[in-house]
Each structure stands twice: as structure tokens, then as C-alpha cells.
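Here the structure is laid out as C-alpha cells; the discussion comes afterwards.
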Amino acid sequence: MRIFLQCVLIAVLTTTATLCIYFFHPNRPPLYFDPARLAEGEVELDEVLKWVGKGEVVWIDARPGAKYAEGHVEGAFLLNEREDFNALLLPIYAELANRADLPFVVYCGSDLCAASARVADLLRDRVGIAEVFVLKGGSKILRDAGMLP
Amino acid sequence: MHFLLTVFFAGLPLVASGGLTFSERNIELSSSPSDEKVSFVFNFSNDGENAVHIEDVNVSCACLSAKTDKSVYAVGDKGRLEAVFAIGSFTGLQRKALTLVSRDGDSKEIDRTGLLAILNIPDVITITPELLQWSVGEKSEEKVFQLKVTHSKPVHIKGVTCSREGFEFRVVEKKKGRLYELYLKPVKTSKPMLGLLKIDTDCEILKHRRKLAFFSIARKRRS
């Protein structure tokens, strides 16, 4: 009985410690990992390539300008907040507006990079582009596919 | 004795964060509207039993650069993680995460310490809503942007241009240098289109001198 109670006590204490870490630790891991799960607004490269084949996609590069200059997806436009979103947008606005019916796909450095999500929000909520997606995997996926140097 | 051992092992995960102790893991700060960059520092000390080797500092945004003042901290050493945030066109409350990657002594295990910078970047001129929309076929009625000056000094509109033909607009000064209304109306809404108003002001801060207000005539999204 005493051992049983100690086991229960250990279980309660470790569960409490785990829950504290889960709710308060800034670097807590997720409770589960599903690599196939897409977040809202995300799209995988395989799907985008179907649109590319028909010439029906607008690529947006949300990385810093220096990275864009080193190499970007063919035909991609540079847009990010770090270097003044409006200043980057104005010179290309007419071209984007003319293609506003097409899906826009935004990429940045990686899945951890928040820039593409933020640029996607700006294109959708501020500029008024109807369909905007964030590329899952970012520039790494594009490099693996040979679409980025 | 059993109880003490139990408490000890249950509490271990809470203290297993490497030898570095940070005075603050979250920093809150503000910038002024004319700032192009904001610098901040996380102070820490090595209160552990071994020297700590810094492997890397990872940041969540290309807008952030960060580094420590040394690569190895002996026991008792104090250290600084210095970061610079390039403001660009960011405004409002920005939460930027940093991760200090380190190794304790000769251990091969990597420690990751999460840090957070919460930056309040004041806007100078706000435009509400950000986007005016009509639907294709909707009645062509006037809608309005409100332009509010939140800067300490007044800002005046010097000129407004529209990127699209087929739209009529007018500017109403509600409070000089502080509050303006921009009324916009499409001549017709038969075709989808995007457009913007370029609003030029006399704002003393160059990056806030031109503002953009967006509008669209939208059709239903494809499924």
C-alpha cells in the first residue's frame, strides 16, 4: 500500500511538472507531431507545381533583398516588411494587380520563418488579393526541387 | 527519505536548463517613430559548475541579428546577448523569439534557451480600414477611409492620387493635422479590380511621408 501511494505521488508530481512546462515553458515541444498536417493557408509544393504548369501562380519571395538578389524562383516578386513593404510594393503593384485573379504563393527561409505568413496576411487583408498561400517548407523545399540556387 | 527522493526527481525537469542564468528572458521595449533600428541586451551569468560554450544564436526573423559577447563563459562569468532589430515597416506590437544554443562543459548535449523580445513600434499615421471593398455587381456607393495622425506633431495631407481610373475620391479635413476622411466611390462595379490611393503628407519622418490605402472590387473566391 505504501509503495502504491508513493507511485501515485510520483505520478502526480511528474504530471504537475510536465503540465507546468507545457503551459509556461517558452520552448515546449508540441504534444504530437504530424508532419503531413498543413496549417491554415499553407500549401505544399506538389500542389503549386500543378498551377505552375498552367502558368497560373504568382510567386512572392518574403526573404531579405540580399537573399532575393542571390537567386529566387523565376518570376518571383520581392516583398517583405523588414525593408518597407509599401516601398517594395509600389513599383510592382500594377503587375500584381493585373494578376490578382491568380493564386499567390509566398515563401521565405523556412517553416520557422514568420515573414511569409505576415506577407501573406498583408497581401490578403491589406492589398486585397483573394487567394494567398504560404509554401510549406519555404526556400529549403524549393532548393531541394532545384527551383532555387 | 522516500518522500524527499520523490520530490527531487519530480522537480528535476524544472531546473534542467543548463548553467546559464538570465536576469530576464522576456524584454519589453519601445522605439520612437523615427528609429530605423532598436538594440537590446539580455544579461546572463554562468551559475553552473562547468564552462558553457555558445554554439549559436537562432532568431525567428531576418529582421533580427544577435550575438553573445564571448563564445565561452567560465564558471561565474557574466555575459551579454546583444540583439538588433531592423524596424523596416513593422508597426505595433512585435514579438520576436531568439534561441541561445549552448553546451555545458564537455557534454555533447545541446541546451536551448528561449528568449523573447516584445517591441512596441508606434505608428505615425493609421488608416482604417486597411482595405475598402466592393463586390462585383454591388451598388456603387461611397465608402470612407479614416486617416488618423498619432504622431506627436501634426501631419497634413499634401496630395492624393488614385492608381485606377473609374474611381472618384474626395478628402475631408475633420481636424487639421490630426484627422482626415478619404471618401472613395467606383463609377461602376461590373469588373473585379485592385487599386490604391497614394497619400502624400508633410510628415517630418521620411518613411511615413507616403501612405497607401487599398481598395478592391472583388468577385467570389474560387472553391
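Within the range A:82-96, can you find the residues that are surrounded by fewer than 19 Cβ atoms within 10 Å (Cβ to Cβ) and aliphatic (A, V, I, L, M)? Passing the criteria: A:Ala87, A:Leu90, A:Ile92, A:Ala94.
With respect to B:Arg221, determine if the residue is modelled with pLDDT of 95 or more and not hydrophobic (A, V, I, L, M, F, W, C). No: the conditions fail for B:Arg221.
Selection of the range A:44-74 for residues being in a loop (DSSP other than H, G, I, E, B), under 18 Å from A:Val134 (Cβ atoms) and in contact (Cβ under 8 Å) with a residue 40 or more places away in the chain yields A:Glu44, A:Glu56, A:Val57, A:Ala62, A:Arg63, A:His72, A:Val73.
Here's a check for you: in the range B:63-89, which residue that is outside any strand (DSSP E or B) and modelled with pLDDT of 90 or more is nearest to the other protein chains (Cβ to nearest Cβ)? Break it down stepwise before answering.
The initial filter retains those residues of the range B:63-89 that are outside any strand (DSSP E or B), namely B:63, B:69-71, B:74-77, B:87-89.
From what is left, the residues that are modelled with pLDDT of 90 or more are B:69-71, B:74-77, B:87.
On the way: B:Asp69: 22, B:Lys70: 23, B:Ser71: 22, B:Ala74: 25, B:Val75: 24, B:Gly76: 26, B:Asp77: 23, B:Ile87: 9 Å.
Top of the filtered list is B:Ile87.
Contact map, the range A:75-88: residues that are more than 8 Å from every other protein chain (Cβ to nearest Cβ) paired with residues that are of a type in the set (Val, Ile, Thr), Cβ distance under 6 Å, separation 6+ or inter-chain. Pairs shown: A:Phe77/A:Ile60; A:Phe77/A:Ile92; A:Leu79/A:Ile60; A:Leu79/A:Val119. Annotation: of all residues in the range B:36-62 being within 14 Å of another protein chain (Cβ to nearest Cβ) and assigned to a loop (DSSP other than H, G, I, E, B), the one that is surrounded by the most Cβ atoms within 10 Å (Cβ to Cβ) is B:Cys61.
Could you tell me which residue of the range B:191-223 is farthest from A:Leu96 (Cα to Cα), considering only residues that are of a type outside the set (D, E, K, R) and loosely packed, with under 14 Cβ neighbours inside 10 Å?
Just the residues of the range B:191-223 that are of a type outside the set (D, E, K, R), to begin with: B:192-197, B:199, B:201, B:203, B:205-206, B:208, B:212-218, B:223.
Right, trim to loosely packed, with under 14 Cβ neighbours inside 10 Å and you get B:206, B:223.
On the way: B:Leu206: 25, B:Ser223: 21 Å.
Going through the qualifying residues, I end up with B:Leu206.
Restricting attention to the range B:171-190, the residues that are of a type in the set (Ser, Thr, Tyr), in contact with a Gly (Cβ under 8 Å, 6 or more places away or on another chain) and surrounded by 15 or more Cβ atoms within 10 Å (Cβ to Cβ) add up to 1.
Only one of B:Lys198, B:Lys207, B:Lys191, B:Lys153 is closer than 20 Å to A:Arg124 by Cα and not in a strand (DSSP E or B). Can you tell me which? Matching residue, one of B:Lys198, B:Lys207, B:Lys191, B:Lys153: B:Lys191. For the range A:112-131, the tally of residues that are of a type outside the set (A, V, I, L, M, F, W, C) and surrounded by 23 or more Cβ atoms within 10 Å (Cβ to Cβ) stands at 2.
Yes or no: B:Leu194 in contact with a Gly (Cβ under 8 Å, 6 or more places away or on another chain) and within 13 Å of chain A (Cβ to nearest Cβ)? It is true that B:Leu194 is in contact with a Gly (Cβ under 8 Å, 6 or more places away or on another chain) and within 13 Å of chain A (Cβ to nearest Cβ).
For beta carbons closer than 9 Å, sequence separation of 6+ or different chains, a first residue in the range A:6-26 that is facing another protein chain (nearest Cβ under 7 Å) and a second that is among the aromatic types (Phe, Trp, Tyr), the qualifying pairs are A:Gln6/B:Phe3; A:Leu9/B:Phe3; A:Ile10/B:Phe9; A:Leu13/B:Phe9; A:Thr14/B:Phe9.
Among the criteria (1) crowded, with 20+ Cβ neighbours inside 10 Å; (2) touching a residue at least 40 places away in the same chain (Cβ under 8 Å); (3) in a helix (DSSP H, G or I), the one A:Val105 does not fulfil is (3). Selection of the range A:1-28 for residues being in a loop (DSSP other than H, G, I, E, B) and of a type outside the set (S, T, N, Q) yields A:Met1, A:His25, A:Pro26, A:Arg28.
Could you tell me whether A:Ala94 is among the small types (Gly, Ala, Ser) and at the interface with another protein chain (Cβ under 7 Å from one of its Cβ atoms)? Here the answer is no, as A:Ala94 does not meet what is asked. Listed conditions (1) charged (D, E, K, R); (2) within 11 Å of another protein chain (Cβ to nearest Cβ); (3) under 22 Å from B:Gly137 (Cα atoms) are all met by B:Lys188, apart from (2).
The values are calculated or read from the model by the stated rules, or taken from the named source; none is laboratory data. Since the structure is predicted, the reported quantities are computational estimates derived from the model, not experimental observations. Cβ sites come from the backbone with ideal geometry, for glycine too, and all protein chains shown count toward neighbours.
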